[in-house]
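Student: Okay, here's the structure, questions in a sec.
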Amino acid sequence: MNQTPQSTAPMAGQLPHVLSADNVTKKFDTAEGPLVAVDNISFDVRPGEFLSVIGPSGCGKSTLFNIIGGLTPDHDGTITVDGEVVRGPHPSIGMVFQEESTFPWRTVIDNVCFPLEIANVPKAERLDKARHFINLVGLSGFENRHPSELSGGMRQRVAIARTLVSQPKILLMDEPFAALDEQTRLLLGDKVLQIQQELKQTTLLITHNITEAVQLSDRILVMTYRPGKLKRIVDIDLPRPRTSDVVSSPAFGAYVAKIWGDLREEASRGMAESERAR
Amino acid sequence: MRAMAASSARFLPAAFGLFCLLCGVAIVEGMLRAGLLNRFIVPLPTEVIDSFGRLFGDEQLLARFLTTVQETFYAMAILAVIGIPVGTLLYQVPVLRKATETWISALASAPIVLMYPLFLVIFGRSPATIIVMGVIAGLPPLILKTIEGLSGTRQSLINVGRSFRLTRVQMLTKIMLPAALPTIFVGLRLALIFALINIVGVEFLINFGGLGQLINDLAERYDMPGMYATIVFVILVSVLFFFVTERLERWLRRMS
Ligand SMILES: Nc1ncnc2c1ncn2[C@@H]1O[C@H](COP(=O)(O)OP(=O)(O)OP(=O)(O)O)[C@@H](O)[C@H]1O
Ligand SMILES: [Mg+2]
């Protein structure tokens with residue numbers, strides 16, 4: 001399946017890659033000695049591509065995410081965005097974090113307005129755009145609530161809207177749907193996919209959910225557990241436009257089974273290792 | 001039914017507390033009347049209560065109270081303007097912080113009121129001496145709480161700021177200070193209580209200004225019931241301040 005023809009050819013007159021990782025390695029010094037969280041990972045992302053990174057818990061996905069986002073300065077290897085080596089947060093990259101990241105002191109609409117406020121967008125325009133994206137993530141009517149009055153999944157949707165409103169060229173998301181129930185996850189996945197296709201936004205999604213990865217992605221990077229290496233890159237050759245209905249097709253099932261085969265090995269090794277450590 | 005149970009659960013502790021207080025007062029009254037306590041030193045609680053009318057009339061208790069409140073208000077305004085920026089600065093400059101934090105903690109627990117002769121020499125018997133003493137008393141807890149609040153900002157919120165490429169100043173004003181606000185407010189509350197104690201204390205010591213001076217006056221005139229009544233009044237004022245600021249703080253916490 002690695003050799004299947006690519007579904008999204010690079011567009012003429014554009015750089016072939018918007019984002020590249022070259023031999024990216026990150027070691028942590030822990031009490032039990034050095035820990036290689038990300039081990040020599042290289043890959044390229046094409047413009048407009050939807051790429052997922054999947055791997056078992058603790059394999060280094062968030063570490064990789066932070067490196068690409070320019071938040072981790074002391075790593076080995078390079079990240080290149082638009083041919084430019086990343087040395088800090090890059091203006092083309094928008095991030096949605098795994099942890100709770102809404103501002104508790106701001107209402108939903110003020111949270112979503114935040115990046116526009118920083119960019120000095122006039123107030124009326126700011127509110128218009130924010131409402132549009134709040135609507136998109138299904139939170140209309142909650143504009144004036146504070147995050148403490150929302151569920152965990154709703155807060156995560158606020159965080160997604162806050163990043164989308166800045167319309168980044170490259171969207172990085174670290175398990176953005178993890179706190180959502182399966183139905184909301186599928187529907188929100190459709191929405192994100194729809195935006196991504198409309199804006200031709202390059203998207204990198206970090207997840208441990210196989211269905212989600214196959215539903216949304218052009219390609220999936222499968223990571224190994226300790227050290228966090230790249231195990232395989234799987235091309236997902238399902239027709240677009242896709243909706244969550246694709247989930248019930250036989251081809252979809254075949255992809256899920258294949259990736260599960262890869263992950264099962266890693267996940268069970270991960271579990272065995274953490275049990276031995278205990 | 002449930003509403004009644006809930007409201008009784010809320011008022012029961014307060015009612016019990018009041019009941020205990022009244023019992024205590026009744027016991028003291030009984031002991032005084034039975035001659036077990038010296039009436040010359042401890043006045044009858046009923047006399048204390050009776051003297052309130054006289055205090056509000058002849059001694060202008062309300063005006064005294066307003067003087068003290070005004071001094072406290074000025075002290076708090078100065079405190080906020082100095083304490084929060086100083087705390088922020090110490091947080092931003094680790095060397096400064098490491099050099100001074102222990103001293104500030106030590107000062108927070110020192111009887112700062114003893115410094116009053118210094119300011120008496122500088123400012124004389126004036127509101128300035130009283131206000132400055134209030135400020136100095138409130139400063140250490142406010143600075144410490146400001147530092148604590150800023151250091152406690154969640155990493156994920158800082159990361160959001162970094163990913164949107166905020167400047168240092170924006171990071172501070174748009175993320176760290178708002179995130180620290182509930183903790184800073186705890187600092188302001190502590191500062192208020194410390195300042196009030198010191199303001200009344202210095203008023204007493206330099207015999208100038210509001211409630212503290214009144215206590216001093218009444219003691220010198222040997223008006224024991226009046227003096228005790230004023231002390232009770234000061235306690236009620238602190239309770240009121242405590243209560244109001246606690247409500248405010250809870251409201252702030254709900255926002256965050
Ligand atoms: N700051 C740190 N210091 C030390 N070790 C760390 C640090 N951050 C992460 N690690 C370790 O690096 C490994 C990878 O962590 P990471 O958060 O990237 O995993 P993950 O794949 O995102 O997991 P999950 O799916 O549970 O979010 C883990 O073993 C973790 O213990
Ligand atoms: Mg993670």
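The values are calculated or read from the model by the stated rules, or taken from the named source; none is laboratory data. Only a predicted model underlies this, so the values are computations on that prediction, with no experimental measurement involved. Because the Cβ atoms are built from the backbone with ideal geometry, glycine has one as well, and the counts that use them run over all protein chains shown.
Student: In region B:104-210, which helices (runs of 4 or more DSSP H) lie fully inside it and hold 1 or more residues that are within 14 Å of chain A (Cβ to nearest Cβ)? Break it down into steps so the answer makes sense when it comes.
Tutor: Working: elements: B:116-123, B:127-151, B:155-163, B:177-206.
Because the criterion is at least 1 residues that are within 14 Å of chain A (Cβ to nearest Cβ), the helices (runs of 4 or more DSSP H) in region B:104-210 that meet it are B:127-151, B:155-163, B:177-206.
Student: With respect to residue A:48, determine if the residue is within 16 Å of ligand 2 (Cβ to nearest atom) and either away from every other protein chain (no Cβ under 12 Å) or among the small types (Gly, Ala, Ser) (or both).
Tutor: Working: within 16 Å of ligand 2 (Cβ to nearest atom): no; either away from every other protein chain (no Cβ under 12 Å) or among the small types (Gly, Ala, Ser) (or both): yes.
Spelling it out, it is not the case that residue A:48 is within 16 Å of ligand 2 (Cβ to nearest atom) and either away from every other protein chain (no Cβ under 12 Å) or among the small types (Gly, Ala, Ser) (or both).
Student: Let me ask something additional. Of all residues in region A:166-179, how many are more than 11 Å from chain B (Cβ to nearest Cβ), crowded, with 20+ Cβ neighbours inside 10 Å and more than 16 Å from ligand 2 (Cβ to nearest atom)? Give the steps one after another, and end with the answer.
Tutor: Applying the first criterion (more than 11 Å from chain B (Cβ to nearest Cβ)) to region A:166-179 yields A:167, A:169-171, A:173, A:175-179.
Within this subset, residues satisfying the condition of being crowded, with 20+ Cβ neighbours inside 10 Å are A:170-171, A:173, A:175-177.
Now narrow it down to the ones that are more than 16 Å from ligand 2 (Cβ to nearest atom): A:170-171.
The number of residues fulfilling the criteria is 2.
Student: Moving on. Can you tell me which residue is farthest from ligand 1 (Cβ to nearest atom) among those in region A:174-202 that are in contact (Cβ under 8 Å) with a residue 60 or more places away in the chain and over 23 Å from residue A:152 (Cα atoms)?
Tutor: Taking region A:174-202 first, the residues in contact (Cβ under 8 Å) with a residue 60 or more places away in the chain are A:174-176, A:178, A:186, A:193, A:196, A:200-202.
So of that shortlist, the ones also over 23 Å from residue A:152 (Cα atoms) come out as A:196, A:200-202.
Values: A:196: 22, A:200: 28, A:201: 23, A:202: 21 Å.
Here the answer is A:200.
Student: Testing residue A:21 on (1) more than 12 Å from ligand 1 (Cβ to nearest atom); (2) more than 14 Å from residue A:223 (Cβ to Cβ); (3) more than 14 Å from chain B (Cβ to nearest Cβ), one condition comes back false. Which one is that?
Tutor: (2)
Student: Restricting attention to region A:70-90, does a residue exist that is of a type in the set (S, T, N, Q), in contact with a helix residue (DSSP H, G or I) (Cβ under 9 Å, 6 or more places away or on another chain) and crowded, with 19+ Cβ neighbours inside 10 Å?
Tutor: Initially, region A:70-90 is screened for residues of a type in the set (S, T, N, Q), giving A:72, A:78, A:80.
From what is left, the residues that are in contact with a helix residue (DSSP H, G or I) (Cβ under 9 Å, 6 or more places away or on another chain) are A:72.
Cutting the leftovers down to crowded, with 19+ Cβ neighbours inside 10 Å gives us none.
No, because not a single residue in region A:70-90 is of a type in the set (S, T, N, Q), in contact with a helix residue (DSSP H, G or I) (Cβ under 9 Å, 6 or more places away or on another chain) and crowded, with 19+ Cβ neighbours inside 10 Å.
Student: Also, quick follow-up: Against the definition (at pLDDT below 90 and within 18 Å of residue A:196 (Cβ to Cβ)), how does residue A:137 come out, yes or no?
Tutor: Working: at pLDDT below 90: yes; within 18 Å of residue A:196 (Cβ to Cβ): yes.
Answer is yes for this residue.
Student: Going by what's in this entry, would residue B:147 be described as over 25 Å from residue B:171 (Cα atoms) and not polar (S, T, N, Q)?
Tutor: Working: over 25 Å from residue B:171 (Cα atoms): no; not polar (S, T, N, Q): yes.
No: the conditions fail for residue B:147.
Student: Condition check: within 14 Å of chain B (Cβ to nearest Cβ), at pLDDT 90 or above and in a helix (DSSP H, G or I). Does residue A:103 satisfy that?
Tutor: On the way: within 14 Å of chain B (Cβ to nearest Cβ): yes; at pLDDT 90 or above: yes; in a helix (DSSP H, G or I): no.
So residue A:103 fails the test.
Student: Look at residue A:83 and say whether it is touching a residue at least 12 places away in the same chain (Cβ under 8 Å), more than 14 Å from chain B (Cβ to nearest Cβ) and more than 10 Å from ligand 1 (Cβ to nearest atom). Steps first, answer last, please.
Tutor: Details: touching a residue at least 12 places away in the same chain (Cβ under 8 Å): yes; more than 14 Å from chain B (Cβ to nearest Cβ): yes; more than 10 Å from ligand 1 (Cβ to nearest atom): yes.
For residue A:83, the condition - touching a residue at least 12 places away in the same chain (Cβ under 8 Å), more than 14 Å from chain B (Cβ to nearest Cβ) and more than 10 Å from ligand 1 (Cβ to nearest atom) - is met.
Student: Being within 16 Å of ligand 2 (Cβ to nearest atom) and either surrounded by fewer than 18 Cβ atoms within 10 Å (Cβ to Cβ) or of a type in the set (S, T, N, Q) (or both) is the filter here; which residues of region A:188-207 pass it? Lay out the reasoning, then the answer.
Tutor: Restricting attention to region A:188-207, the residues satisfying the condition of being within 16 Å of ligand 2 (Cβ to nearest atom) are A:204-207.
Correct list: A:207 only.
Rundown of residues vs (1) small (Gly, Ala, Ser); (2) more than 14 Å from every other protein chain (Cβ to nearest Cβ); (3) within 29 Å of residue B:186 (Cβ to Cβ); (4) in a loop (DSSP other than H, G, I, E, B), yes/no style:
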{"site": "B:214", "(1), (2), (3), (4)": "no, yes, no, no"}
{"site": "B:228", "(1), (2), (3), (4)": "no, yes, no, no"}
{"site": "B:236", "(1), (2), (3), (4)": "no, yes, yes, no"}
{"site": "B:240", "(1), (2), (3), (4)": "no, yes, yes, no"}
{"site": "B:246", "(1), (2), (3), (4)": "no, yes, yes, no"}
{"site": "B:252", "(1), (2), (3), (4)": "no, no, yes, no"}
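Student: Right, something else. For the condition away from ligand 2 (no atom under 16 Å from the Cβ) and farther than 20 Å from residue A:49 by Cα, what is the one hit in A:244, A:217, A:249, A:274?
Tutor: Numbers: A:244 fails: farther than 20 Å from residue A:49 by Cα; A:217 fails: farther than 20 Å from residue A:49 by Cα; A:274 fails: away from ligand 2 (no atom under 16 Å from the Cβ).
Of A:244, A:217, A:249, A:274, the one residue that is away from ligand 2 (no atom under 16 Å from the Cβ) and farther than 20 Å from residue A:49 by Cα is A:249.
Student: Here's another thing I want to ask about it. Can residue A:141 be described as within 16 Å of ligand 1 (Cβ to nearest atom) and over 21 Å from residue B:164 (Cβ atoms)? Write out each step before concluding.
Tutor: Details: within 16 Å of ligand 1 (Cβ to nearest atom): no; over 21 Å from residue B:164 (Cβ atoms): yes.
When the stated conditions are applied, residue A:141 does not pass them.
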